[in-house]
Amino acid sequence: CYGMGASLEDVRRAAGVSENLVVSPAGLSTAVWMEKKFGIPYRADLPLAEEYLPEEDLSGKKILVVHQQVMADSLRRRLEAKGAAHVDCATWFMLKKELGRQEDIQLKEEEDFTDLVREGGYDLILADQALRPLVPDYQGAWIHVPHFAVSGS
């Protein structure tokens, strides 16, 4: 980890790693630079996304994931692998074309989220529970995926 909690020695050894794991959009430019400078490949994924997957069958389900882009895309790929019919990803934060899909949704206001849920027909939402009060009429399932920038947890 080159970020918070990394020692100077950790940073010194960075050029010798075999792969960089980009876990947020903020890490992409460093990973791209390290690939060009040192030939170190990178991939964008958040392995802990596995913890938030529902156990039930997702066949035919329409799902919304709201999180930072790498977490959202990591969840999307896993949800699709479990049979989800359609997965939308949305965020209020950085969207980089290299880390997601063209159809990813950039939210600007809380109303954007409310409208998206109201009009989306989602069977399941994966998002921080702090967003739940914005959609009091939503009747589908909700999986709490904590997002520090949203709720502080």
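Quick look at the numbers
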| item | result |
| --- | --- |
| Exclusive hit being free of Cβ contacts under 8 Å to residues at least 12 places away in the same chain, over 21 Å from residue 21 (Cβ atoms) and not hydroxyl-bearing (Ser, Thr, Tyr), set 109, 103 | 109 |
| Members of segment 106-153 found to be under 22 Å from residue 82 (Cβ atoms) and part of a strand (DSSP E or B), listed by number | 124, 125, 126, 127, 141, 142, 143, 144 |
| Pairs where the first residue, in segment 28-40, is closer than 18 Å to residue 12 by Cβ and the second is polar (S, T, N, Q) and open to solvent by less than 80 Å² (accessible area, probe 1.4 Å), C-beta under 8 Å, 6+ apart | 30/20; 31/20; 34/20; 40/20 |
| Residue pairs meeting the criteria (Cβ under 7 Å; at least 6 apart or on separate chains; first touching a residue at least 12 places away in the same chain (Cβ under 8 Å), in segment 47-58; second part of a loop (DSSP other than H, G, I, E, B) and surrounded by 10 or more Cβ atoms within 10 Å (Cβ to Cβ)) | 52/145; 53/82; 57/83; 58/82; 58/83 |
| Scope segment 105-130; condition of a type in the set (Val, Ile, Thr) and within 18 Å of residue 60 (Cα to Cα); matching residues | 117, 125 |
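The values are calculated or read from the model by the stated rules, or taken from the named source; none is laboratory data. Just so it is clear, the model here is predicted, and its values are computed rather than measured. Neighbour counts run over all protein chains shown; Cβ positions are idealised from the backbone, glycine included. Accessible surface is based on the protein model in full, side chains and every heavy atom, while ligands, DNA and RNA are left aside. Shrake-Rupley method; radii C 1.70, N 1.55, O 1.52, S 1.80 Å.
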